[in-house]
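Chemist: Can you read through this structure? Questions will come right after.
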Amino acid sequence: MITFSVIKADIGGFVGHSAMHPDLVSCAQDCLDKARKEGLLVDFHVTYCGDDLELIMTHEQGVDNSRIHKLAWDTFECGTQVARGLKLYGAGQDLLAEGFTGNVKGMGPGVAEMAFEERPSEPVIVFMADKTSAGSWNLPLYKMFADPFNTSGLVFAEQVHDGFRFEVQDIVSHKKIFFDAPEDIYDMLIFMGTPSRYTTKHVFSRSHNEIAAVSSTERLSLVAGKYVGKDDPVCVVRAQNQFPAVGEVLEAFTFPQLVEGWMRGSHRGPLMPVSLKDARPTRFDGPPRVTAAGFQLANGKLIGPVDMFDDPSFDVARQEANQLADLMRRHGPFEPHRLPLEEMEYTTMPRLSKKLANRWEDL
Ligand code: F6R
Ligand code: MG
Ligand code: MG
C-alpha cells in the first residue's frame, strides 16, 4: 500500500495574499528531503497555489499518521520562521493551534490523503485551489464521477459503468452520508448543491470498491470560530481504467462555476483553471483559481508534475471566467457577488447592529 498525502497551509503571502516567496518553497523542500533521506517519505513534491504552500508526499505510513502530520506541521513552522524573517503577509496564518498534538486536522492546515495499492500504471491528479472554500469540489466531482455529459465512460466504458459512491460530509453538524450514483443522484444533489455546508470528502469506485478521490474539507472559519482566511482546498483524483480518464477528470473544470471566496472570503466569483505559473490571484485578490498537477506513480515515486491546465483548450474557460468576473464585480457590495449575510465571514454586522439599534423604528 502506498499513501498519497497532500497537506497544505498558508503560512505567509508574497505580496499580500497573492503568491508564494521562493524561500518558503525551498525551506519546505529541505525539510521534506531530510524526511525522504531518513526513509519516512518515499517521495515528495513542493508547490504552491496563490499564497498556499502545498506539500505533496508519498509514504507507507497510512492516512492520519502522526509522524507524517508532524513532519508537515514542523515544515510549516520552519517556513513560518522564514516568512517572519521576510515579513511576508500573514506569516503563520493557518497554524491555528499552539504546538502539535498528533494530527494536523482541525489545526488549520488542509489535508487530503488516500492509501491504495499502486496499479500497474497509476495516474494521479492533484487539484489545488486558492481564494475559495472546501465545497468548491462538489460540482467538479459530481461532473467527473456522476455526469455522463462530462464523463462519457459512465455510459460505455465497462470499468466505470457501475458508477461511484460519494461520501458527503455535513461540516456543520459533523455527520457523513454515502450516496450511490447514479441511483441516488437526486437525493445527493440537494446536499451537494449547498457547498457552504455539505462537502464531498471521498469518492469510491463501486465495481472495484476502491478509493477514487479525496478532498480537504477543513473549513478554517469553523475551525477558528472567526475569519482567518479561506480554506483554499485541495483534491486528489486517480484516473484511467476503473476511474474516469485524465481528460474526463479535467473536463469538469471547463465550466468556471461561481464559488465562494475571492476578496475577504466574502464574495462569489468564477473558479478559473490556470497553469501553475498563473496561480497568482491578483485582481481583487482573485478571481478564485484552480491548478492541476498530474503525476504518474512509479513504486511511490512522483513522476511529474505535468501542468495539466497549461493547455490552450482551457483558454475559453479562462475567458468565460474573466467575463463572469467582470459581471460579478459590477455588483460591488450587492448580492449575489457579496455573500448573503449568514455566509459573510468578514462581517461588521454585529458592530453595525449595535450601533444602529436605537435608530430602528417599528413599522
Ligand atoms: C481572501 C484573502 C484576501 C484577504 C484581503 C484582506 O481569502 O485572503 O482577500 O481577505 O486581502 O486581508 P487582510 O484582512 O489580511 O488585510
Ligand atoms: Mg493569505
Ligand atoms: Mg490562500
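Chemist: What about E335, is it more than 25 Å from F127 (Cα to Cα), surrounded by fewer than 14 Cβ atoms within 10 Å (Cβ to Cβ) and modelled with pLDDT of 95 or more?
Modeler: Working: more than 25 Å from F127 (Cα to Cα): yes; surrounded by fewer than 14 Cβ atoms within 10 Å (Cβ to Cβ): yes; modelled with pLDDT of 95 or more: yes.
When the stated conditions are applied, E335 passes them.
Chemist: Right, something else. Scan segment 170-181 residue by residue and report those that are crowded, with 16+ Cβ neighbours inside 10 Å and at pLDDT 95 or above.
Modeler: The answer is F179, D180, A181.
Chemist: Of the residues that make up segment 248-269, is at least one in contact (Cβ under 8 Å) with a residue 40 or more places away in the chain, more than 16 Å from ligand 2 (Cβ to nearest atom), closer than 13 Å to M308 by Cα and β-branched (V, I, T)?
Modeler: yes
Chemist: Could you run through segment 15-34 and say how many residues are on the phi < 0 side of the Ramachandran plot and within 13 Å of ligand 1 (Cβ to nearest atom)?
Modeler: 4
Chemist: Would you confirm whether or not segment 90-97 contains a residue that is buried (at least 19 other Cβ atoms within 10 Å of the Cβ) and either away from ligand 1 (no atom under 16 Å from the Cβ) or of a type in the set (F, W, Y) (or both)?
Modeler: No, that holds for no residue.
Chemist: Restricting to segment 338-363, give me the number of residues that are more than 25 Å from S133 (Cβ to Cβ), open to solvent by 90 Å² or more (accessible area, probe 1.4 Å) and not acidic (D, E).
Modeler: 6
Chemist: Working carefully through the options F309, F295, find the one that is closer than 30 Å to T3 by Cβ and part of a loop (DSSP other than H, G, I, E, B).
Modeler: Unique residue meeting the criteria: F309.
Chemist: Of the residues in segment 63-84, how many are farther than 30 Å from H202 by Cβ and open to solvent by 70 Å² or more (accessible area, probe 1.4 Å)?
Modeler: Summing the residues that are farther than 30 Å from H202 by Cβ and open to solvent by 70 Å² or more (accessible area, probe 1.4 Å) in segment 63-84 gives 2.
Chemist: Hey, another quick one. Could you please find all residues in segment 193-218 being touching a Ser or Thr at 6+ places or on another chain (Cβ under 9 Å), surrounded by fewer than 24 Cβ atoms within 10 Å (Cβ to Cβ) and part of a strand (DSSP E or B)?
Modeler: K201, H202, I211
Chemist: Report, by residue number, each residue of segment 20-55 that is touching a residue at least 40 places away in the same chain (Cβ under 8 Å), within 16 Å of ligand 3 (Cβ to nearest atom) and open to solvent by 10 Å² or more (accessible area, probe 1.4 Å).
Modeler: H21, T47, Y48, listed by residue number.
Here is a yes/no grid of residues against (1) touching a Phe, Trp or Tyr at 6+ places or on another chain (Cβ under 8 Å); (2) more than 16 Å from ligand 2 (Cβ to nearest atom):
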| position | (1), (2) |
| --- | --- |
| A35 | yes, yes |
| D52 | no, no |
| L55 | yes, yes |
| F76 | no, no |
| T80 | no, no |
| Y89 | yes, no |
| L95 | yes, no |
| G99 | no, yes |
| E113 | yes, yes |
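Chemist: Given the options V203, V259, name the one that is closer than 30 Å to E335 by Cα and in contact with a helix residue (DSSP H, G or I) (Cβ under 6 Å, 6 or more places away or on another chain). Explain how you work it out, then say what you get.
Modeler: Numbers: V203 fails: closer than 30 Å to E335 by Cα.
Selected residue: V259, the only one of V203, V259 that is closer than 30 Å to E335 by Cα and in contact with a helix residue (DSSP H, G or I) (Cβ under 6 Å, 6 or more places away or on another chain).
Chemist: Of the residues in segment 317-332, how many are open to solvent by 90 Å² or more (accessible area, probe 1.4 Å) and touching a Ser or Thr at 6+ places or on another chain (Cβ under 8 Å)?
Modeler: Residues meeting the conditions: 0.
The values are calculated or read from the model by the stated rules, or taken from the named source; none is laboratory data. Since the structure is predicted, the reported quantities are computational estimates derived from the model, not experimental observations. A quick note on method: Cβ atoms are made from the backbone with ideal geometry, for glycine too, and the neighbour counts reach across all protein chains shown. Note: accessible area is taken over every heavy atom of the protein model, side chains too, but ligands, DNA and RNA are not part of it. Shrake-Rupley method; radii C 1.70, N 1.55, O 1.52, S 1.80 Å.
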